[in-house]
Amino acid sequence: MLTIHRWGSPLAWLVLLSLLTASRVAMALDVQVSGFGTLSYARAFEHDLAYLRYIDYDGTFKADSLFGLQGEARFNPQWSVTVQAVASAPRTRDDGYEAKVRWAFVSFRPDNDWLLRGGRVRPPVFINTPNAEVGVTYESARLPAEVYSLSPIYDVDGAAITKTWNTEGSEINLDGYWGKADVNYRAHYQADPPARYFPERITAKGAVLSYSSGPTLLRGGFHHVELKATGAEQFPHEYVPIAIPGSPPVGGTLYVPNGAMSETGVRLVTLGIDWRAEPWRVTAEYGKRRTPDSDLLVNDQSAYVTVARRFNAWTPYATYARMLSRANTRNIYQSVYDTPVPLAVQGAPLFLPANYHRVAGDGISVFDQHSAMLGALYGFSSTSKMKIEWMRTSIGITSSLVDGEAQNRSFNVLTISYSMAF
């Protein structure tokens, strides 16, 4: 999990309220204020693991619950300012709550074909990225983590530009963006909880092409993210096996880190389709991440498909999602994690702990999971919706989305949520 350090809770609300108050008093502007929120309870039916930080046997409201306010001040048809603040569980730690400014940008639209934005912006990485916090805009109780956790961060401080082509019955949008963000990377630990957070500096850039015609939306994008470690921890490069003399358990293989990187890059390719033809909706998305500098970092593919059908106020849906690291990364993880630490190095002069290999394995970004979700949405209105979902997630060798011993295990999650917008 990642977070933006700046724009803390008091400042978030101060900026939003001062913008709206000052604009109404000082100028005759077109000011619009909207809000949204989700109250969600989720429980996993396993005693010794936690999914997405908070979902465990005791149940939690923290995983998906949030409240947000958005204000837009329009000076004229060309210029406007938008600010959005969201209160939710924190992204820099696992306890408490926090409020953050997610959006804060100035927009300039010289004509209907061009849109330029500067400030804290959110590019359209996935179909539901721009509206991810607004639960009334999609059927699922929770957007599939197998895909929506691929991007290290959605909001960046920078600039975005959109070019639009309108033809008869269709629209094409090309979005380009560039920006920076201070983030914290959350490293999970199966063998040695609790998890830790490592500060990083991200520089992101990319391009997204969207095509919509009638009931169909198609989207594809390419994104490149430069990561720079800003704390004492650096990015691992590789593990090298060293033969320790003697027969097991005294001797054996010891894996030691070889080299570390203060900077590295991640490439992300995204594809998606959203087809809506009442009463049906089918959404499918795909993402692929690659870190060329190291097999110990994110190198994986993900996809999901959701099929929903509306019956008056009810909309049942089914989702299947898959996330899998590439074979080389999985093989390295298994070699490191499953190898006993030789007794010879647990004593002098190294004094390595018996769980040294397991902790080292937890530091490798590995994903091997798939989920099946069955749920239903009940719409009181277009801005007030209740959802219930049963999810079964199966883990292969491991998953960095799970805290605890997750190898070759399955677990169930019940989610009940209410979303509204005003």
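Details
One line per residue, one yes/no per condition, for (1) modelled with pLDDT under 95; (2) not polar (S, T, N, Q):
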| site | (1), (2) |
| --- | --- |
| L150 | yes, yes |
| W178 | no, yes |
| P193 | yes, yes |
| T203 | no, no |
| V208 | no, yes |
| T216 | no, no |
| G220 | no, yes |
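- For the residues P279, P249, the requirement of being in contact (Cβ under 8 Å) with a residue 12 or more places away in the chain and touching a strand residue (DSSP E or B) at 6+ places or on another chain (Cβ under 9 Å) singles out P279.
- With respect to (1) in contact (Cβ under 8 Å) with a residue 60 or more places away in the chain; (2) over 27 Å from L174 (Cβ atoms), the lone exception for F126 is condition (2).
- Filtering E285, E233 for residues that are of a type in the set (D, E, K, R), surrounded by 15 or more Cβ atoms within 10 Å (Cβ to Cβ) and without any contact (Cβ under 8 Å) to a residue 40 or more places away in the chain leaves a single hit, E233.
- Just one of the listed residues (R91, R109, R117) is charged (D, E, K, R), touching a residue at least 24 places away in the same chain (Cβ under 8 Å) and not in a strand (DSSP E or B), namely R91.
- Residue match in region 224-236 (condition: in contact with a helix residue (DSSP H, G or I) (Cβ under 8 Å, 6 or more places away or on another chain) and either closer than 30 Å to I332 by Cα or among the hydroxyl-bearing types (S, T, Y) (or both)): no
- Listing of strands (runs of 3 or more DSSP E) fully contained in region 244-302 that carry 1 or more residues being among the charged types (D, E, K, R) and modelled with pLDDT of 95 or more: 263-277, 280-290
- Any chance N331 is of a type outside the set (D, E), surrounded by 13 or more Cβ atoms within 10 Å (Cβ to Cβ) and free of Cβ contacts under 8 Å to residues at least 24 places away in the same chain: yes
- Whenever a residue of region 163-174 is modelled with pLDDT under 95, its partners that are among the small types (G, A, S) and assigned to a strand (DSSP E or B), lying with C-beta atoms within less than 9 angstrom and at least six residues away or across chains, give the pairs T167/S213; G169/S213.
- For S140: the one exception among (1) part of a strand (DSSP E or B); (2) more than 30 Å from T167 (Cα to Cα); (3) polar (S, T, N, Q): (1)
- Meets criteria (farther than 24 Å from R93 by Cβ and either polar (S, T, N, Q) or crowded, with 16+ Cβ neighbours inside 10 Å (or both)) for G169: no
- Listed conditions (1) in contact with a strand residue (DSSP E or B) (Cβ under 6 Å, 6 or more places away or on another chain); (2) closer than 30 Å to F198 by Cβ; (3) modelled with pLDDT of 90 or more are all met by G35, apart from (2).
- Given (1) touching a residue at least 12 places away in the same chain (Cβ under 8 Å); (2) loosely packed, with under 14 Cβ neighbours inside 10 Å, index of the condition G375 fails: (2)
- Residues being assigned to a loop (DSSP other than H, G, I, E, B) and either surrounded by fewer than 22 Cβ atoms within 10 Å (Cβ to Cβ) or among the β-branched types (V, I, T) (or both) - total across region 143-153: 4
- With respect to the conditions (1) of a type outside the set (S, T, N, Q); (2) out of contact with any helix residue (DSSP H, G or I) (no Cβ under 6 Å at 6 or more places or on another chain); (3) in contact (Cβ under 8 Å) with a residue 60 or more places away in the chain, D293 falls short on a single one, namely (3).
The values are calculated or read from the model by the stated rules, or taken from the named source; none is laboratory data. Model, not experiment: these values are computed from the prediction. Neighbour counts run over all protein chains shown; Cβ positions are idealised from the backbone, glycine included.
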